[in-house]
Amino acid sequence: MNIIVCVKRTPLTQEVELEIDGARKDIKKDSLVYFINEWDNYAIEEAVLLKEKFGGMVTAITIGREDDEEVLRRCLAIGADSAVRIDPGTLVLDAYLGSKILAETIRGMSYDLILTGVQTSDLNNGMTGIMLAEHLGIAHSAVVTGLEAEGNSARIKMELEGGIDEVARIALPALLTIQTGINEPRYVSIMGIRKASKKELRVIRVEDLNLSKEDLIPWTFVEEIYQPPETEGAVMIEGEPEKVALEIIRIIKEKGADL
Amino acid sequence: MGEIFVIAEHRQGTVRDITFQMLWKADELCRRLSHSLTVVLIGGKDLPFKNELKERADTVISIEDDRLEHFDADTYKYLISGLINERRPFLTLIGHTPWGMDLAPSLAVKLGLPIASDCVDILVEDGALKAMRQIYSGKLFSKVAFKPSPGYVITIRPGSFPVDKAGDRHGEALAMQTPSDIPEPRKKFLEFTDSGAGETDISQADFLVSVGRGVGEKENIAIVKELADLMRAVISCSRPVVDKNWLPKFHQVGTSGKSVKPRIYLALGISGAFQHVAGITGAGTVIAVNKDRKAPIFRVADYGVADDLFKVVAALKEKVKK
């Protein structure tokens, strides 16, 4: 079973104060720490689990600059066999353009499954995977939390709302967007990443793909990003933990809990 | 005068709230832009809620067929693109739900219509359509403009607009036949399962002590559990805790877990992703403890503490014991 996994390197932004850059279209990124997008980490793990069961090749693909090869090295260390980085040059991408570039790269490759994360933690579009499937004309399903491949189809579980899941059978080749929690991504050591540096990492440029200037126009443009509008928000309780605890207990009792 | 499409989402005989939320926004846009409002309803035979939707729209286009009983992105895409090609709506709204996330991006690519996803509002500025989104887990907002096009697709984040079932549009019903060349689906529905059920029903709890990613590791769950026991509260959690198998799924609060309505909700180390916050709209008093003063949870909580949860939990335990 040959599997392609599309991944992205994204900044960790929990407990970080984000600053908007001068052009107001992006954040200042110099001091941020990057990691593989959380959803993509589950997608590459799922691909490697399938490879361990059925054999075949796993290829990891990203669109990004040289720094972004870090996530490909990580995928290779986990168990991907080869990796491709597509250098976008100076292009500003939206989900549509990203999906188009991925489609042109993947067209002609051999695969039974393409896995992506449901969404990325930075821009949260949740569209690149399904758009890619449509460009390639293959079956697709979103928010997948269970996957059992059986011959030329797969039994999949999709997460709906309220704890309800939908179970379906999908024809292969197919693209599935993978939800967090589907597996337990393995730990990768620095040594493991170093060892994987011998595996193939191919770099191609967007100019090398069969895309015209017209093809490379995004569908959407960020006009401006800004801090959320000030809302009333929470009444902040300040002070030492003891003082804070007393105040929380007072509120809880006031609201009728019997402590 | 143009038209705005709202693609109705329904499951097991009930219209999903997202449908009414989209209709609320579509209604406002239609009044401002003098557009007409059309609901597109696809499903099995004799859908019970057709009349309910007529009050909220000028036209309810329905395609009812036994073959359409279960949602299938391919089939929906085929039917809706036929309608869009015929009627050329200015805007098509789809829910940013698991089903909408499967349908909308493929529909947009098939038709070549620019799309923005997971939007919390839609603006029209100098005649140009703009979408409002949240990025970086809700820490920042982004205003998005579109490449000029005769039509657009926008997916709406659940909970962005009110659910208002009353309306005064008294729309007409337009029943369409399923085209004979409808393609064979590549995905076959098998069943619905409930992975959210378990030994405790957190949706009935009066006092929840809820734990999030900030708890750090599995061993620390016990520290919070002790506090919950001392306070005679039920323990619940946010998604990352279930993803990491630190607590079973029936403890999960949020869109993909349970909606809860306790009198008191004590959120410990929960950042407040919108999927989580959507599950606590029915809660009475929300008290949040999080190291990150900018965490979105503080925008919805009644009381906040910007500190290390373990320090606060330890102090709480000591005071409650006394």
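The values are calculated or read from the model by the stated rules, or taken from the named source; none is laboratory data. If you're wondering where the values come from, they're calculated on a predicted model, not measured in any experiment. FYI the Cβ positions are ideal-geometry reconstructions off the backbone, even for glycines, and counts take in every protein chain you see. Areas reflect the complete protein model, heavy atoms only, side chains present, ligands, DNA and RNA absent. Shrake-Rupley method; radii C 1.70, N 1.55, O 1.52, S 1.80 Å.
Structure data summary
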| item | result |
| --- | --- |
| Single condition B:K54 does not satisfy, out of (1) open to solvent by less than 50 Å² (accessible area, probe 1.4 Å); (2) touching a Lys or Arg at 6+ places or on another chain (Cβ under 8 Å); (3) away from chain A (no Cβ under 14 Å) | (1) |
| Which numbered condition B:V215 misses (of (1) within 12 Å of chain A (Cβ to nearest Cβ); (2) closer than 25 Å to A:V16 by Cα) | (1) |
| Of all residues making up region A:133-156, the number that are part of a strand (DSSP E or B), modelled with pLDDT of 95 or more and open to solvent by 40 Å² or more (accessible area, probe 1.4 Å) | 2 |
| Selection status of B:V211, in contact with a Gly (Cβ under 9 Å, 6 or more places away or on another chain), free of Cβ contacts under 8 Å to residues at least 24 places away in the same chain, buried (at least 19 other Cβ atoms within 10 Å of the Cβ) and under 24 Å from A:G162 (Cα atoms) | no |
| Subset tally (residues that are in a helix (DSSP H, G or I) and free of Cβ contacts under 8 Å to residues at least 60 places away in the same chain) for region B:15-38 | 3 |
| Residue count, region A:168-193 (criterion: among the hydroxyl-bearing types (S, T, Y) and under 21 Å from A:N2 (Cα atoms)) | 1 |
| Filter pass, B:P114 being surrounded by 18 or more Cβ atoms within 10 Å (Cβ to Cβ), in contact with an Asp or Glu (Cβ under 8 Å, 6 or more places away or on another chain) and either under 25 Å from A:I217 (Cα atoms) or free of Cβ contacts under 8 Å to residues at least 40 places away in the same chain (or both) | no |
| Residue within region A:79-89 that is within 18 Å of A:L123 (Cα to Cα) and either modelled with pLDDT under 95 or open to solvent by less than 20 Å² (accessible area, probe 1.4 Å) (or both) present | yes |
| Test result for A:E38, under 20 Å from the mean Cα position of the chain (by Cα) and open to solvent by 20 Å² or more (accessible area, probe 1.4 Å) | yes |
| Sole residue being in contact with a helix residue (DSSP H, G or I) (Cβ under 6 Å, 6 or more places away or on another chain) and open to solvent by 10 Å² or more (accessible area, probe 1.4 Å), chosen from B:V60, B:V109, B:V124, B:V120 | B:V109 |
| A:G239 vs. criteria free of Cβ contacts under 8 Å to residues at least 12 places away in the same chain, in a loop (DSSP other than H, G, I, E, B), at positive phi and open to solvent by 30 Å² or more (accessible area, probe 1.4 Å) | yes |
| Qualifying positions in region A:219-259 - under 35 Å from the mean Cα position of the chain (by Cα) and more than 7 Å from chain B (Cβ to nearest Cβ) | A:P229, A:E230, A:E232 |
| Any chance A:R202 is over 15 Å from B:D102 (Cβ atoms), modelled with pLDDT of 95 or more, assigned to a strand (DSSP E or B) and facing chain B (nearest Cβ under 8 Å) | no |
| Residue, nearest to the chain's Cα centre (by Cα), within region A:157-172, restricted to residues that are of a type outside the set (D, E, K, R) and assigned to a loop (DSSP other than H, G, I, E, B) | A:L160 |
| Residue match in region A:70-77 (condition: touching a Lys or Arg at 6+ places or on another chain (Cβ under 7 Å) and open to solvent by 60 Å² or more (accessible area, probe 1.4 Å)) | yes |
| Failed condition for B:W99, given (1) part of a loop (DSSP other than H, G, I, E, B); (2) within 12 Å of another protein chain (Cβ to nearest Cβ); (3) of a type in the set (F, W, Y) | (1) |
| Selected residue (criterion: nearest to the other protein chains (Cβ to nearest Cβ)) from residues of region A:178-199 that are loosely packed, with under 11 Cβ neighbours inside 10 Å and part of a loop (DSSP other than H, G, I, E, B) | A:Y187 |
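Residue-wise test of (1) outside any helix (DSSP H, G or I); (2) under 23 Å from the mean Cα position of the chain (by Cα).
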| residue | (1), (2) |
| --- | --- |
| B:L247 | yes, no |
| B:S271 | yes, yes |
| B:A295 | yes, yes |
| B:K311 | no, no |
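Here is a yes/no grid of residues against (1) touching a Gly at 6+ places or on another chain (Cβ under 6 Å); (2) open to solvent by less than 20 Å² (accessible area, probe 1.4 Å):
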position: B:G254; (1), (2): yes, yes
position: B:G272; (1), (2): no, yes
position: B:R299; (1), (2): yes, no
position: B:V312; (1), (2): no, yes
